[in-house]
Amino acid sequence: MILVHGSLGGLPEFCEIIHMITMAALNPAKLKVILGENNVEKLTLPNGIPQSLVELINVVKVTFGLTADIRLQYMDKDFGNEFFNLNATTDLQDLGTIKVVQQEIVPLVITLTDAATPSSFDSDDYASQASNDTILLSSPESVSSRESVSSRSVQWPVIFPIPEFSYETELQLERGMLIIRLAPKC
């Protein structure tokens, strides 16, 4: 296509393109939100469907007062309106349906027990208590000389360094600690 200077040949001008993009971003969207078996709400998004899934999750949590971790599922018309996990907001359309699935919090319980004293610990007893699927490893010097247990075992340190975990795992650990702190003491 050859265009005469000053002519766009029917193409929109730059300002019109910017206006169209702005209006598309400001078009409100509505979603049907299934919160539970008999709990369905309408969510109006005045600025349209958010670009990021995290932002949409935050909007859903704030709008409906949810405090637990959630994931979203969307109704896919290509598969007979079945729900699929939502991985990107690009899968959503105005007037679409999403379902809130509350993540189950699995508390992390760590129980500390007293370590066996070296005098009461016998490696043969330990081997007989081990299950069949447990592999016991010994150092070469302990196998050859059968040194006392106290020379090859060390007590747990008073301060036990805990490694850094992924962000999601850290959140689970924080929640677990909060539950422990808030739990009534027996």
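What to note about this one:
- Positive minus negative residues near PRO46 (Lys, Arg vs Asp, Glu; Cβ under 14 Å): 0
- Long-range amide H partners of GLY48 with built H, under 5 Å: ALA29
- Rounded to whole numbers, the Karplus 3J(HN,Hα) couplings from phi for segment 67-77 are 10, 6, 5, 10, 10, 10, 10, 10, 7, 9, 5 Hz, using 6.51 cos²θ - 1.76 cosθ + 1.60 with θ = phi - 60°, and x at Gly and Pro.
- FRET efficiency, 1/(1 + (r/R0)^6) with R0 30 Å, evaluated for ALA183 and GLU55 via beta carbons: 0.35
- Taking label points 7 Å from Cα along the Cα-to-Cβ direction, LEU171 and ALA68 give a separation of 1.4 nm.
- Hz values of 3J(HN,Hα) by residue in segment 38-49 - Karplus curve (6.51, -1.76, 1.60), Gly and Pro given as x: 10, 9, 10, 10, 9, 10, 9, 10, x, 9, x, 6
- Total formal charge among the other residues, if their Cβ is under 10 angstrom from that of LEU31, Lys/Arg +1 and Asp/Glu -1: +1
Here, each number is a calculation from the coordinates, and none is a lab measurement. Small disclaimer: the values here were computed from a predicted structure and weren't measured. A quick note on method: Cβ atoms are made from the backbone with ideal geometry, for glycine too, and the neighbour counts reach across all protein chains shown.
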